[in-house]
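The values are calculated or read from the model by the stated rules, or taken from the named source; none is laboratory data. None of these values were measured; they are calculated from a predicted model. FYI the Cβ positions are ideal-geometry reconstructions off the backbone, even for glycines, and counts take in every protein chain you see. Side chains included, ligands, DNA and RNA excluded: accessible areas come from the protein's heavy atoms. Shrake-Rupley method; radii C 1.70, N 1.55, O 1.52, S 1.80 Å.
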Amino acid sequence: MSDGTAASAAAGTGPEAGPEAAPGSRPSGTVVTVTPNPSLDRTYEIAGLSRGAVLRAGTDRVDPGGKGVNVSRALAAAGRSTVAVLPLGGPEGALLAQLLSRRGIEVAGVPVHESTRVNISLAEPDGSLTKINAAGPEITADEAEALLEAVGDRAAGAGAAWIVCSGSLPRGLPPAWYAGLVARAREQGIRIAVDASGPALSAALRERPDLVKPNAVELAEAVGRPLATVSDAVKAAEDLLNAGAGAVLASLGATGQLLVDGAGMCFGSTPAVSVRSDVGAGDASLAGFLAAGGAGPRALTAAVAHGLAAVQLPGSEMPHPADLRPDDVTVTTEPPLDHPLGRPLPDSADGAVP
């Protein structure tokens, strides 16, 4: 399949694409996701990883990949309106567009010369996951500008409530690319969430995004110091607020999730569960948070419930409403601040909020 066919399928105009909604037909509240370096994610479930051996997979699956793509997949699984903006190239890009369209996601594909990447994950029964992530295509200056324009056009046309820009930047896009996207979103009056790390996050903070979503490692990197306890994470999140974030939703692994904004702090946790795969769990959490309003304890509860469901599913499968167990989530304004990160919180906590 040619790059031209991939581009037409991605835009919803080719013979292999799903039907595209007419302009203005989508309800308000649409979330537009931006994935600068999407992928096809192939996951093999194996009995055990042995270097140099011939391994036989029990099952395997191919899913659309990339952090913004995963957010769109989780929103679509919840019946929410979403548009995925992403560069697409080669037969891999065409297949990615087809897989997303089959899931009811409107795809706004920007054609690029190089092929969309393919990532490999090896999942073991004990929850260990070995990932091989490809570098992805190199984006030209013209392709980068086309991507920015596609985001603005689709956000305006869909009456977007949020723009979500997520994941690593491919070769050719400078760290300030997300910052430019944040600036354009703010000019349009559209709320924007950034799930990035390193220089890309630092640059984006200067443009004052409405929400940032680091994990524990990214949060520590952003403030330049190690984080050992919940208290350390709270202080680091407050530092990001001071640096420009409107709110911080931090995923802290087995410990839970932290929300810090202008109204204060709350923390969500669940009982420990067996993890089948944590691929995309943070993206599912972000989708749940936005679908539930994007602010406050109710949205945090939804974020934690989505993350909990995602880690119990195979590969990067996104949870559906039937998979969610919000009653298993405890949200508190008074978590044990000296609790070590990486360990589950006790089953109950004082200061619970509805």
If ASP278 meets every condition in (1) open to solvent by 50 Å² or more (accessible area, probe 1.4 Å); (2) among the charged types (D, E, K, R); (3) in a helix (DSSP H, G or I); (4) closer than 24 Å to THR59 by Cβ apart from one, which number is that one?
(3)
The correct count of residues that are without any contact (Cβ under 8 Å) to a residue 60 or more places away in the chain, surrounded by 16 or more Cβ atoms within 10 Å (Cβ to Cβ) and aliphatic (A, V, I, L, M) in region 119-145 is 1
Between residues in region 222-242 that are over 14 Å from LEU201 (Cβ atoms) and residues that are among the acidic types (Asp, Glu) and surrounded by fewer than 21 Cβ atoms within 10 Å (Cβ to Cβ), which pairs lie under 7 Å by C-beta distance while being six or more apart or on different chains?
THR229/ASP338; SER231/ASP338
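Quick one: in region 286-297, which of the residues that are in contact (Cβ under 8 Å) with a residue 40 or more places away in the chain and in a helix (DSSP H, G or I) is nearest to ILE192 (Cα to Cα)?
LEU290
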With respect to GLU218, is the statement that it is outside any loop (DSSP other than H, G, I, E, B), open to solvent by less than 50 Å² (accessible area, probe 1.4 Å), among the acidic types (Asp, Glu) and over 17 Å from MET265 (Cα atoms) true?
yes
Open to solvent by less than 20 Å² (accessible area, probe 1.4 Å), part of a helix (DSSP H, G or I) and in contact with a Gly (Cβ under 7 Å, 6 or more places away or on another chain), is that true of LEU308?
no
Of all residues in region 228-253, count the ones that are aliphatic (A, V, I, L, M), open to solvent by 30 Å² or more (accessible area, probe 1.4 Å) and either part of a loop (DSSP other than H, G, I, E, B) or modelled with pLDDT under 95 (or both).
1
Which residue out of VAL85, VAL71, VAL110 is open to solvent by less than 30 Å² (accessible area, probe 1.4 Å), under 22 Å from LEU181 (Cα atoms), part of a helix (DSSP H, G or I) and among the hydrophobic types (A, V, I, L, M, F, W, C)?
VAL71
Kindly provide the set of residues from region 50-68 that are within 25 Å of ALA284 (Cα to Cα) and open to solvent by 20 Å² or more (accessible area, probe 1.4 Å), ordered by number.
THR59, ASP60, ARG61, VAL62, LYS67
Specify which of the listed residues (ARG208, ARG184, ARG225) is in contact with a helix residue (DSSP H, G or I) (Cβ under 8 Å, 6 or more places away or on another chain), open to solvent by 20 Å² or more (accessible area, probe 1.4 Å) and in a helix (DSSP H, G or I).
ARG184
